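First comes the structure, then the notes that go with it.
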């Protein structure tokens, strides 16, 4: 959950100016009567954390899930140049972010339904072993569904339009409510996650990741006018 801490230059905006919406209110514990504003032009809409230490009870399988999740985020960042992966490097702390303007679409992979052909952002990966992903329980790229479920969760809380035809009811995603579980398979447009910025302002997705956790924060840009 989002903590009442200051990060970078933080301003507190009272409810007289920025009433907390019902959706945003559930993000803070205890709930104050304001939202956090970052650098005077970002308002946090939603933030959640995926604990990478509880993906699987088996330690080797858990590390495989963790590595695949982190590798997918590196593909999003665009810094994978060789499928011979240096896992020590992958596990180092890093950040990656992207912006969706109003009306723009993110899809988890590029195999999309007809109505989502005009994509702005994807993970830029097929999640196959030939891209460096590990096989866990016989499935290459196993674990990226957990990353998609985190995206579904936070985007839903932020008020974006979310479409995921294939749920993850066949297995729990630890730490994520069942309603946000998302099944991913890059061979099928029906096993994809589509996020549309249905708000009337741009939003930024920011991931903060290391070998223990992935934090996803979605913020509204240009909320405050100087």
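Take the residues in region 213-226 that are at pLDDT 95 or above and either surrounded by 18 or more Cβ atoms within 10 Å (Cβ to Cβ) or over 15 Å from residue 150 (Cα atoms) (or both), then tell me which one is nearest to the chain's Cα centre (by Cα).
First, the residues of region 213-226 that are at pLDDT 95 or above: 213-220.
Next cut, either surrounded by 18 or more Cβ atoms within 10 Å (Cβ to Cβ) or over 15 Å from residue 150 (Cα atoms) (or both) only: 214, 216-220.
Working: 214: 8, 216: 5, 217: 8, 218: 8, 219: 12, 220: 15 Å.
Among those residues, the one meeting the criterion is 216.
Taking region 137-147 only, how many residues are touching a helix residue (DSSP H, G or I) at 6+ places or on another chain (Cβ under 9 Å) and farther than 20 Å from residue 193 by Cβ? Don't jump to the end; show me each part of the working.
Applying the first criterion (touching a helix residue (DSSP H, G or I) at 6+ places or on another chain (Cβ under 9 Å)) to region 137-147 yields 137, 140-144, 146-147.
So of that shortlist, the ones also farther than 20 Å from residue 193 by Cβ come out as 137.
Of the residues in region 137-147, 1 are touching a helix residue (DSSP H, G or I) at 6+ places or on another chain (Cβ under 9 Å) and farther than 20 Å from residue 193 by Cβ.
Hey, among the residues in region 158-177 that are outside any loop (DSSP other than H, G, I, E, B) and either modelled with pLDDT under 95 or touching a helix residue (DSSP H, G or I) at 6+ places or on another chain (Cβ under 6 Å) (or both), which one's farthest from residue 211 (Cα to Cα)?
Of everything passing the filter in region 158-177, 162 is farthest from residue 211 (Cα to Cα).
Within region 99-115, how many residues turn out to be crowded, with 16+ Cβ neighbours inside 10 Å and in contact with a strand residue (DSSP E or B) (Cβ under 6 Å, 6 or more places away or on another chain)? Lay out the reasoning, then the answer.
Initially, region 99-115 is screened for residues crowded, with 16+ Cβ neighbours inside 10 Å, giving 100, 104-109, 111-112.
Among the residues that remain, those that are also in contact with a strand residue (DSSP E or B) (Cβ under 6 Å, 6 or more places away or on another chain) are: 100, 105-107.
The number of residues fulfilling the criteria is 4.
Given the conditions (1) within 26 Å of residue 170 (Cβ to Cβ); (2) in contact (Cβ under 8 Å) with a residue 40 or more places away in the chain, and given that residue 103 satisfies all but one, which numbered condition is not satisfied?
Result: residue 103 passes all but (1).
Name every residue in region 151-167 that is within 13 Å of residue 180 (Cβ to Cβ) and crowded, with 18+ Cβ neighbours inside 10 Å, in order of residue number. Talk me through it step by step, then tell me what you get.
Taking region 151-167 and keeping what is within 13 Å of residue 180 (Cβ to Cβ), we get 151-158, 160, 162-164, 166-167.
The answer is 151, 152, 153, 154, 155, 156, 157, 158, 160, 162, 164, 166.
So residue 125 clears everything in (1) out of contact with any helix residue (DSSP H, G or I) (no Cβ under 9 Å at 6 or more places or on another chain); (2) not in a helix (DSSP H, G or I) except one condition, right? Which one?
(1)
Can you name every residue in region 168-197 that is exposed (fewer than 15 other Cβ atoms within 10 Å of the Cβ) and farther than 13 Å from residue 153 by Cβ? Let's see the steps before the verdict.
Quick first cut of region 168-197, residues exposed (fewer than 15 other Cβ atoms within 10 Å of the Cβ) only: 169-172, 177-179, 187-188, 190.
Of everything in region 168-197, those that are exposed (fewer than 15 other Cβ atoms within 10 Å of the Cβ) and farther than 13 Å from residue 153 by Cβ turn out to be 169, 170, 171, 172, 187, 188, 190.
The values are calculated or read from the model by the stated rules, or taken from the named source; none is laboratory data. What you see is a predicted model, and the numbers here were worked out from it, not measured in a lab. Glycine also receives a Cβ, built like all others from the backbone with ideal geometry; neighbour counts cover every protein chain displayed.
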